[in-house]
Amino acid sequence: MLGAGILVGMRREDFRALIEAAPARLAPMAAYTNLPFRLVARECGSGFVTNEELDAEALIRHNAKTTLMMETDPAEGVVAMQLLGCKAEALVPAAIRLVEAGAEIIDLNMGCPVPKIVRQGKGAALMRDVASTAKVLEALRAAIDVPLTIKIRGGWNNDEQNAVEVARMAQDVGVDGITVHPRTRMMRFGGLAPWALIKDVVDAVDIPVTGNGDVLSLADAARMREETGCASVMVGRGALGKPWLFDPAYGELDLEERAAYRERVTRRHLDLIEERLPELVALVQAQKSLSLYMVGRADIHSMRREVFEQREFSALRAIAERFFAEPPIASAGI
């Protein structure tokens, strides 16, 4: 199944229709949402996808690794490119380069909570100085004609929950859409995501808001939309090792049919990794991906240990074949 609502030649006025075209879509995740995984997610039913964050400074230096991360495929349909940075001097030329390379949406990462990122003033740190961040967004808005979006957190900590303020500022400077992960930066990925904060942002702005956080199924996505009024839902960690989450038909399959579906998707993902990524990068990505597909096995720890011990892609395929030969897993959510 392919995600619905592909729009080619993205115009700003088409953006709302695009995000409302599918029940859920894959969220950008560093080191995970590379081209192979984006293709697999699209084939399973994800709406338009966003690449993993691209550091603006590395991009304008034409860093080889970052340039590789720019690669897209026509089969993905619309792809949003997410930038990481804090200075207009780097972000603007980086955004222009991405648009010239075919990016149809530019997204600014304002939510990454990782210490080494926020220490540089990037990611969630951008939410701490709203006035300065407004100038950065104004510069980006003036430089590109495609939709400009941001992905934010609830705020820095419990005393600095300013998602509504940031959202209003973003709307005022011409941002076309906002994704809200309602945990604060200090929460990182712990505790429950307070969805009520997403509703606060929805109620505060007229541009489309996408919700994110603690969505593990299409049922969760539907509940988030109902409870918050958000226009769309992004799924991040919930889709790792389970890209079939995006396919409504998967839930209607019996146990053996689900096992066959999972095997088909896993094989497809391994094939894409080997075909589309450099050899050493491919090995690491295959190890991570295969280990995630093994969730639910009783012997997962020993199997994962074996996966990460391998130094040849062929050996990983042999482990995968043993994995496929096992009886179907009846675990809930698999």
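The values are calculated or read from the model by the stated rules, or taken from the named source; none is laboratory data. Here the structure is a predicted model, which is why all the values come from computation and not from measurement. A quick note on method: Cβ atoms are made from the backbone with ideal geometry, for glycine too, and the neighbour counts reach across all protein chains shown.
Here are some notes:
- Pairing residues of the range 160-182 that are of a type in the set (Asp, Glu) with residues that are assigned to a helix (DSSP H, G or I), at Cβ distances under 7 Å and at least 6 apart in sequence or on separate chains, gives GLU165/VAL130; ASP176/ARG12; ASP176/PHE15.
- Test: ARG223 is part of a helix (DSSP H, G or I) and among the basic types (Lys, Arg): yes
- Qualifying helices (runs of 4 or more DSSP H) (wholly inside the range 1-113; at least 1 residues being over 18 Å from PRO147 (Cα atoms)): 35-44, 56-60, 64-69, 88-100
- Within the range 19-47, residues that are in contact (Cβ under 8 Å) with a residue 12 or more places away in the chain have Cβ atoms under 7 Å from residues that are crowded, with 23+ Cβ neighbours inside 10 Å and of a type in the set (Asp, Glu) in these pairs: PRO28/GLU53; ALA30/GLU53, counting only partners at least 6 apart in sequence or on another chain.
- Contacts under 6 angstrom Cβ, first residue in the range 111-129 being within 13 Å of GLY155 (Cα to Cα), partner of a type in the set (Lys, Arg), 6 or more apart: GLY111/LYS151; GLY111/ARG153; PRO113/ARG185; PRO113/ARG188; ALA124/ARG153; ALA124/ARG185
- Helices (runs of 4 or more DSSP H) (entirely within the range 249-334) containing at least 3 residues that are free of Cβ contacts under 8 Å to residues at least 40 places away in the same chain and farther than 30 Å from THR67 by Cβ: 255-276, 300-309, 313-325
- Checking each residue in the range 56-65 for being crowded, with 17+ Cβ neighbours inside 10 Å and either modelled with pLDDT under 95 or hydrophobic (A, V, I, L, M, F, W, C) (or both) picks out ALA56, ALA58, LEU59, ILE60.
- Unique match (being basic (Lys, Arg), outside any strand (DSSP E or B) and farther than 22 Å from VAL215 by Cα) among ARG188, ARG168: ARG168
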